[in-house]
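Any read-out appearing in this document is the output of simple, stated calculations on the displayed coordinates, not a laboratory observation. Treat the numbers as computed from the prediction; the structure is a model and nothing was measured. So basically every Cβ, Gly included, is an ideal-geometry build from the backbone, and we count neighbours across all protein chains shown.
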Amino acid sequence: MPLSTMKRVLLKLSGEVLMGDQQFGIDPAFVMELAKEVKAAKETGLEICLVIGGGNIFRGMAGAAQGMDRAQADYMGMLATVMNALAMQNALEQIGVQTRVQSAVQMDQVCEPVIRRRAERHLEKGRVVIFAAGVGAPYFTTDSGAALRAAEMRCDALLKGTSVDGVYDSDPKKNSDAKRFETVTYSKVLADDLKVMDASAVALCRDNNIPIVVFSIREQGNLARVIAGEGVQTIVTNEKK
């Protein structure tokens, strides 16, 4: 479907984006810039769900690689995503966007549990819903959490905001001749291991026919341009019949 006809989307941001130019943690000034992007997108009439990774604070797989128990490390990573969600909620509400955080790991003092019907109601009332803590279980990434929530909330597309402007046939940071795709199929992404998202997330989007739109979130105003059907992006879809 044309991007300009979308009614509800899920925006997936990597935790690293929240660092801004820092090496670690959360840059409040850059989070505010991201919040302004989300507000501009919402003002087009879209209903917006958000999922934010936790790699700027703690990455479960990295902890496991250093000898930590994988499940324990993943739970720590989930808590990092809750911190990022609260930071984004704070920034959005400072600029007048009503927001609710729902966590797959229950922590009633700071956010709501994930309840689909309640999230639906928030979206109907014009609120942005931020889903935190991934799927609430170890061994799954926040990419999988984003794909799950996009399917659960019947989103028209999953927008993945990253540091690069689309999907390439090789790493553009390492290969200056890397070719960017305008569109690419889920099967090619999986067969060629193109690193759009992890395989389980791509497969879930494929099975539910949810387009994945990969674009650079670091470019100011780019989210609104992509939603308008302009800007630079790669769209991952099923094969054309």
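Quick notes
- Most positive-pole-ward Cα, GLN106, PRO28, GLY77, against dipole of the chain from beta carbon charges: GLN106
- For the chain, modelled as a GNM whose springs connect Cα atoms under 10 angstrom apart, the maximal fluctuation among TYR139, TYR75, TYR186 occurs at TYR139.
- Springs join every pair of Cα atoms under 10 Å in this Gaussian network model of the chain, and among LYS173, LYS125, LYS36 the largest mean-square fluctuation is at LYS173.
- Dipole in debye (nearest 20) - the chain, about Cα centre, beta carbon charges: Lys, Arg +1; Asp, Glu -1: 600
- Backbone phi angles across the range 136-153, fed through the Karplus curve with coefficients 6.51, -1.76 and 1.60 (θ = phi - 60°), yield HN-Hα couplings of x, 9, x, 6, 10, 8, 5, 4, 5, x, 5, 5, 4, 5, 4, 5, 4, 8 Hz in residue order; Gly and Pro are listed as x.
- Estimated distance in nm for a label pair at GLU230 and GLN98, the labels positioned 7 Å out from Cα along Cα-to-Cβ: 3.1
- Just so you know, the Rg over Rh for the chain is 0.94, from Cα atoms, with Rh as the Kirkwood radius.
- Backbone N atoms of the range 123-141 closer than 19 Å to the 7 Å Cα→Cβ label point of SER200 belong to residues 131-141.
- Taking 0.36 nm per residue of separation and subtracting the current Cα-Cα distance, fully stretching the chain between ALA137 and THR5 would add 44.1 nm.
- Alpha carbon centroid spacing (whole Å) that separates the range 126-205 from the range 39-90: 14
- Taking amide H as placed 1.01 Å from N in the peptide plane, the amide H of LEU159 sits under 5 Å from that of LEU10, LEU11, LYS12, VAL213, each at least 5 places away or on another chain.
- Semi-axis lengths (Å, descending) of the ellipsoid that matches the C-alpha gyration tensor of the range 1-130: 26, 17, 14
- q = 0.16, 0.17, 0.19 Å⁻¹, the range 72-163: log10 I(q)/I(0) [Debye, one scatterer per Cα]: -0.64, -0.73, -0.92
- Ranking CYS155, ALA65, ALA137 by how far each Cα lies toward the positive end of the dipole of the range 3-237 (charges on Cβ) leaves CYS155 at the top.
- Beta bridges per DSSP with both ends in the chain, % antiparallel, nearest 5: 15
- Max mean-square fluctuation residue, GNM over the chain, Cα-Cα springs under 10 Å, options LYS39, LYS195, LYS160: LYS195
- Restricting attention to the chain, lysine pairs at least eight places apart or on different chains and with alpha-carbon atoms under 20 angstrom apart total 26.
- Backbone HN-Hα couplings from phi across the range 74-86 [Karplus 6.51/-1.76/1.60, Hz, Gly and Pro as x]: 5, 4, 4, x, 4, 5, 4, 5, 5, 4, 5, 4, 5
- Phi-based couplings in Hz for the range 94-105 (Karplus 6.51, -1.76, 1.60; Gly and Pro marked x): 5, 10, x, 9, 5, 9, 10, 9, 10, 10, 6, 9
- Two-site label geometry, ALA71 and GLU33: point separation in nm, points 7 Å out along Cα→Cβ: 4.1
- Value at 222 nm in deg cm²/dmol, rounded to 500, when DSSP H runs of n ≥ 4 in the chain each add -39,500 (n - 2.57): -11000 deg cm²/dmol
- 5 angstrom amide H check on SER103, placed H, neighbours 5+ away: GLU112, VAL114, ALA132
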